[in-house]
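The numbers here are math on the coordinates, done by the rules we state, and not lab data. All figures in this text were calculated on a predicted structure; none of them were measured in a lab. Here the Cβ positions follow ideal geometry from the backbone for every residue, glycine too, while neighbour counts run over all protein chains shown.
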Amino acid sequence: MTTNCSMLVFAYHEVGYRCLELLLERKEQILAVFTHEDAAGERIWFRPVAELARAHGIPVYTPSSIKGPVVEQIRALAPDIIFSFYYRYMIPGDVLRIPRLGAFNMHGSLLPRYRGRVPINWAIIHGETETGATLHHMVRRADAGDIVDQQAVAIGREDTAQDVFFKVTEAAVQVLDRNLAALKTGRAPRHAQDEAQATTFGGRRPEDGRIDWSWSSQRIFDFVRALTEPYPGAFTTTRGRTLLIWWGVPVERPAADQAQAGAILSTRPLIVATGDGAFQIGRAQWAHGRAVEGDEFVRFEVLGA
């Protein structure tokens, strides 16, 4: 069977950029790239897939959905393989049936766990010590198709979501690289996912970042590092104002201290009572203000000095 085959790539974000970059390095035949216009108000900290594709003379399309005329456009392209690398829209079943060698998605978790949106952030929120990248056959249900291959990465104790994202990105490139030959000859492995082990999570909105101070200190720490920059941030409110917390660490408090969760135990450094201990805020900012470190925050923001 010939290893020459045409590819249609749906891609976005840094995973999309790096996986497309690999295909270009391998001189694969890429018919077109479907990607997204950057969302208004979203902080864009990753490289643009569209620019990479255009720099190599590849047609770029940014439809607002994959329906009707777009499906017919894809059918006319007649790709042998479809890849989806962090593309944000669901690709419908009538598109998935077009490529003769299959459609494949790269997902940022060790499937079947953490199906759905923003899997890296969710893994850190839940205190996981490992996640990874999974290449799988695409089916109508999101992230549910047979696994081709996957690679694990460690989540360090103080890793932020961005730290882990870069690890997962490199794992994704390695998974794609070592499976390209099999994909192009129709010999991609298939390992059914264990539905009993599956977990699914939805997308997160900025307003989902509210801290509950009754949580344990470790849970708050995981929450903060999962949402810190370049993501919208964990936050709390006081006197009608929103305080974004970009970093902090769990600390102990005296056993005799019976302060209610959320109470300020110290202002220098700034320490807040939690459900099982305390949390020292290291870097924070009032919404629409400037970010400052702990002591500076107390001096100029909390005390108003």
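Only one of these is surrounded by fewer than 16 Cβ atoms within 10 Å (Cβ to Cβ) and over 16 Å from the mean Cα position of the chain (by Cα): 197, 193. Name it. Even if it seems obvious, please write down each step before you answer.
Details: 193 fails: surrounded by fewer than 16 Cβ atoms within 10 Å (Cβ to Cβ).
Result: 197 is the single residue among 197, 193 that is surrounded by fewer than 16 Cβ atoms within 10 Å (Cβ to Cβ) and over 16 Å from the mean Cα position of the chain (by Cα).
Here are some residues: 86, 61. Which one is touching a helix residue (DSSP H, G or I) at 6+ places or on another chain (Cβ under 6 Å) and among the aromatic types (Phe, Trp, Tyr)?
On the way: 61 fails: touching a helix residue (DSSP H, G or I) at 6+ places or on another chain (Cβ under 6 Å).
Exactly one of 86, 61 is touching a helix residue (DSSP H, G or I) at 6+ places or on another chain (Cβ under 6 Å) and among the aromatic types (Phe, Trp, Tyr), namely 86.
Can you tell which of 102, 93 is touching a His at 6+ places or on another chain (Cβ under 9 Å), surrounded by fewer than 22 Cβ atoms within 10 Å (Cβ to Cβ) and not basic (Lys, Arg)?
None of the others qualify; the one that does is 102.
Would you check which residues across segment 248-269 are hydrophobic (A, V, I, L, M, F, W, C) and out of contact with any Asp or Glu (no Cβ under 9 Å at 6 or more places or on another chain) and list them?
Within segment 248-269, 251, 255, 256, 259, 263, 264 meet the criteria.
Could you please let me know if residue 44 is touching a strand residue (DSSP E or B) at 6+ places or on another chain (Cβ under 9 Å) and among the aliphatic types (A, V, I, L, M)?
Values: touching a strand residue (DSSP E or B) at 6+ places or on another chain (Cβ under 9 Å): no; among the aliphatic types (A, V, I, L, M): yes.
Considered against the rule, which asks whether it is touching a strand residue (DSSP E or B) at 6+ places or on another chain (Cβ under 9 Å) and among the aliphatic types (A, V, I, L, M), residue 44 comes out as no.
Identify the residue in segment 217-253 that is over 24 Å from residue 43 (Cβ atoms) and in contact (Cβ under 8 Å) with a residue 12 or more places away in the chain and, among all such residues, is surrounded by the fewest Cβ atoms within 10 Å (Cβ to Cβ).
Within segment 217-253, the match that is surrounded by the fewest Cβ atoms within 10 Å (Cβ to Cβ) is 252.
Just one of the numbered conditions (1) of a type in the set (D, E, K, R); (2) more than 27 Å from residue 231 (Cα to Cα); (3) surrounded by fewer than 20 Cβ atoms within 10 Å (Cβ to Cβ) is not true of residue 117; which one?
With respect to (1) of a type in the set (D, E, K, R); (2) more than 27 Å from residue 231 (Cα to Cα); (3) surrounded by fewer than 20 Cβ atoms within 10 Å (Cβ to Cβ), residue 117 is out only on (2).
Inside segment 3-38, can you point out the residues that are in contact (Cβ under 8 Å) with a residue 40 or more places away in the chain, within 21 Å of the chain's Cα centre (by Cα), outside any loop (DSSP other than H, G, I, E, B) and surrounded by 22 or more Cβ atoms within 10 Å (Cβ to Cβ)?
Within segment 3-38, 9, 10, 11, 13, 15, 16, 18, 19, 20, 34 qualify.
Looking at segment 76-89, is at least one residue of a type outside the set (A, V, I, L, M) and surrounded by fewer than 17 Cβ atoms within 10 Å (Cβ to Cβ)? Quick ask: steps written out before the conclusion?
Just the residues of segment 76-89 that are of a type outside the set (A, V, I, L, M), to begin with: 79-80, 83-89.
Going one step further and asking which of them are surrounded by fewer than 17 Cβ atoms within 10 Å (Cβ to Cβ), we end up with 88-89.
Yes, some residue in segment 76-89 is of a type outside the set (A, V, I, L, M) and surrounded by fewer than 17 Cβ atoms within 10 Å (Cβ to Cβ).
Of the numbered conditions (1) surrounded by fewer than 18 Cβ atoms within 10 Å (Cβ to Cβ); (2) not in a loop (DSSP other than H, G, I, E, B), residue 168 satisfies every one except a single condition; which is it?
Checking residue 168 against (1) surrounded by fewer than 18 Cβ atoms within 10 Å (Cβ to Cβ); (2) not in a loop (DSSP other than H, G, I, E, B), the one that fails is (1).
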